[in-house]
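Trainee: Before anything else, here's the structure in question.
The values are calculated or read from the model by the stated rules, or taken from the named source; none is laboratory data. Because the structure is predicted, anything quoted here is derived from the model rather than measured. A quick note on method: Cβ atoms are made from the backbone with ideal geometry, for glycine too, and the neighbour counts reach across all protein chains shown.
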């Protein structure tokens, strides 16, 4: 299922044939140079796209990796007499090392803060290169063993080298996109909190992505050095270098494999030819052309050329979605009989406090949960219920207190680490991955596990079937009702095989008939031995299947006990339920 489609293979073959024909049949040295530049800038854009397109962290500073690759290759050739066959791989390694350092420094930033932070690196490197006297580093021309130094009498040979590297990079990008890693990165881009709650480490995934991206950018920089035979700070570290990768990818389609290749094939020849024809009279014609291209794309094809000419479904990560019959064919995953609560305490927290400024969102919250127990948490809006879940799942660091799950301390751990311990959660407002199918959404829950792909597909299919989503496996989440989105979230949480499940308002916004269905599903979870903590305002539904109810008011627990006892508590009535609600609760 994670495999190349026929369209991918055909597109790669067409790209290879087209580029090779251009390399062989273009006789002019100038146009031969343009073909080489198309391959190099496309390679650079592929590298940028692996990071920014898949992870969603837009980089304005990828020229730092391009420039490091170019300068490393040039300096090793001029100062150490080392062939580019060695210099280019070393340049890639230098770029990767820089990427790991930069990622460590900047990944705590988000949005435009990250983009602007990235911009500082190539600008600083450009001034450093000038200060070090590296304003112009020219590769020496070789008369002996010229081919060993990648200097060829026929420029077509070097063009073929550049095209070969581009095709390998595109094949790598396809493999990444059609892998667990690619699915995890796209989940992270579409909804970071939901991805982390599924056990995916945002930091680790992005570090791997930026390392691969930097390696490809360093490779492009090294090849650019061979084509131009001279390296200057402005030509490899200037702002236009980073902009080139971004604009080419945007024009072709950010997040697509073929977008960078198509963008380079259109924009690079166009800008180079315009500069050759009108550069003397209009020195900035290249920049004007690139700016005009971006404006045109944003106005008429905001998704880029590739996505404008094909449907989203043709670029699926999982190429073959199981049928509804396959989803419904398996036996029940939950073979529990009657609902029984163990005496073993699976989770406990004590004196949890969360303070925002001078106000306490939670104060002195202490309770435990036994294995197989279903606990309802109720309280008025603003009582601190969701904040409590955010503490237990690692999204909020408390001001004080401790929380222990199966003997392990939760406070101070990141959300993905807590999820991998065996704690799953859903959110108050459903957080699907909007560009994925239902099957892919649920599959994300299996990505952090060590399951083989085949087993992960089987669990995903069966889980979707159990939660009545078998007929929706190939549907995108934007086609689903609110109730179905809640089922998708629950299925994704269960696919990770948690032992404790935190459900944040699973009944919110669903019809009364759907509340009955959800209640039955949650009852089955209790019978299967899952420990479940549920936040909701629908008290009549909760009291039918929960073992215990906890009432929060102004961040403090005011009641904790059997449903009937809690609902009869005068303090609970005064703080939250009231006589009208209790009258309904007695129905």
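Trainee: Within segment 39-47, is there a residue that is touching a helix residue (DSSP H, G or I) at 6+ places or on another chain (Cβ under 7 Å), surrounded by 20 or more Cβ atoms within 10 Å (Cβ to Cβ), over 24 Å from residue 125 (Cβ atoms) and in the same structural domain as residue 193 (by TED's automatic domain parsing)?
Mentor: Step one: list which residues in segment 39-47 are touching a helix residue (DSSP H, G or I) at 6+ places or on another chain (Cβ under 7 Å), which gives 39-47.
After this cut, where a residue has to be surrounded by 20 or more Cβ atoms within 10 Å (Cβ to Cβ) as well, the list is 39-47.
Now narrow it down to the ones that are over 24 Å from residue 125 (Cβ atoms): 39.
Subset that is in the same structural domain as residue 193 (by TED's automatic domain parsing): 39.
Yes; the residues of segment 39-47 include at least one that is touching a helix residue (DSSP H, G or I) at 6+ places or on another chain (Cβ under 7 Å), surrounded by 20 or more Cβ atoms within 10 Å (Cβ to Cβ), over 24 Å from residue 125 (Cβ atoms) and in the same structural domain as residue 193 (by TED's automatic domain parsing).
Residue by residue, here is whether (1) in contact (Cβ under 8 Å) with a residue 60 or more places away in the chain; (2) in contact with a strand residue (DSSP E or B) (Cβ under 8 Å, 6 or more places away or on another chain); (3) crowded, with 22+ Cβ neighbours inside 10 Å; (4) part of a helix (DSSP H, G or I) holds:
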site: 468; (1), (2), (3), (4): no, no, no, no
site: 478; (1), (2), (3), (4): no, no, no, yes
site: 489; (1), (2), (3), (4): yes, no, yes, yes
site: 498; (1), (2), (3), (4): yes, yes, no, no
site: 526; (1), (2), (3), (4): yes, yes, yes, yes
site: 529; (1), (2), (3), (4): yes, no, no, no
site: 533; (1), (2), (3), (4): yes, yes, yes, no
site: 537; (1), (2), (3), (4): yes, yes, no, no
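Trainee: What single numbered condition from (1) part of a helix (DSSP H, G or I); (2) within 22 Å of residue 437 (Cα to Cα); (3) at pLDDT below 85 fails to hold for residue 455?
Mentor: Tallying (1) part of a helix (DSSP H, G or I); (2) within 22 Å of residue 437 (Cα to Cα); (3) at pLDDT below 85, residue 455 fails exactly one: (3).
Trainee: Within segment 219-237, does at least one residue satisfy the condition of being at pLDDT 95 or above, surrounded by 21 or more Cβ atoms within 10 Å (Cβ to Cβ), assigned by TED's automatic domain parsing to the domain that holds residue 71 and within 20 Å of the chain's Cα centre (by Cα)?
Mentor: No, because not a single residue in segment 219-237 is at pLDDT 95 or above, surrounded by 21 or more Cβ atoms within 10 Å (Cβ to Cβ), assigned by TED's automatic domain parsing to the domain that holds residue 71 and within 20 Å of the chain's Cα centre (by Cα).
Trainee: Another one. So which helices (runs of 4 or more DSSP H) stay within segment 102-190 end to end and still have 2 or more residues that are free of Cβ contacts under 8 Å to residues at least 40 places away in the same chain and within 30 Å of residue 32 (Cα to Cα)? Walk me through how you get there before you give the answer.
Mentor: Working: elements: 111-131, 155-177, 180-190.
Hits in segment 102-190: 155-177.
Trainee: Still on this structure, I have one more. Being more than 25 Å from residue 564 (Cβ to Cβ), surrounded by 13 or more Cβ atoms within 10 Å (Cβ to Cβ) and at pLDDT below 90 narrows it down to one of 330, 311, 393, 350, so name that one. Quick ask: steps written out before the conclusion?
Mentor: Details: 311 fails: surrounded by 13 or more Cβ atoms within 10 Å (Cβ to Cβ); 393 fails: at pLDDT below 90; 350 fails: at pLDDT below 90.
Step by step, each of 330, 311, 393, 350 is checked, and only 330 is more than 25 Å from residue 564 (Cβ to Cβ), surrounded by 13 or more Cβ atoms within 10 Å (Cβ to Cβ) and at pLDDT below 90.
Trainee: Next question, about the same structure. Restricting the search to segment 539-561, which residues are in a helix (DSSP H, G or I) and either outside the structural domain of residue 503 (by TED's automatic domain parsing) or buried (at least 18 other Cβ atoms within 10 Å of the Cβ) (or both)?
Mentor: Result: 539, 541, 542.
Trainee: Would it be correct to say that residue 566 is in the same structural domain as residue 386 (by TED's automatic domain parsing), under 17 Å from residue 389 (Cβ atoms) and crowded, with 17+ Cβ neighbours inside 10 Å? Spell out the reasoning first.
Mentor: On the way: in the same structural domain as residue 386 (by TED's automatic domain parsing): yes; under 17 Å from residue 389 (Cβ atoms): no; crowded, with 17+ Cβ neighbours inside 10 Å: yes.
No.
Trainee: Separate question: Which of the residues spanning segment 416-430 are surrounded by fewer than 24 Cβ atoms within 10 Å (Cβ to Cβ) and under 17 Å from the mean Cα position of the chain (by Cα)?
Mentor: 416, 417, listed by residue number.
Trainee: Please go through (1) in a strand (DSSP E or B); (2) surrounded by fewer than 23 Cβ atoms within 10 Å (Cβ to Cβ); (3) in contact with a helix residue (DSSP H, G or I) (Cβ under 8 Å, 6 or more places away or on another chain) for residue 376 and return the number of the only condition it doesn't satisfy.
Mentor: (2)
Trainee: Which of the residues that make up segment 76-89 are surrounded by fewer than 19 Cβ atoms within 10 Å (Cβ to Cβ) and in a helix (DSSP H, G or I)? First the steps, then the outcome.
Mentor: If we filter segment 76-89 for residues that are surrounded by fewer than 19 Cβ atoms within 10 Å (Cβ to Cβ), which is where we start, we get 78-83, 85-86, 89.
Across segment 76-89, the qualifying residues are 78, 79, 85, 86, 89.
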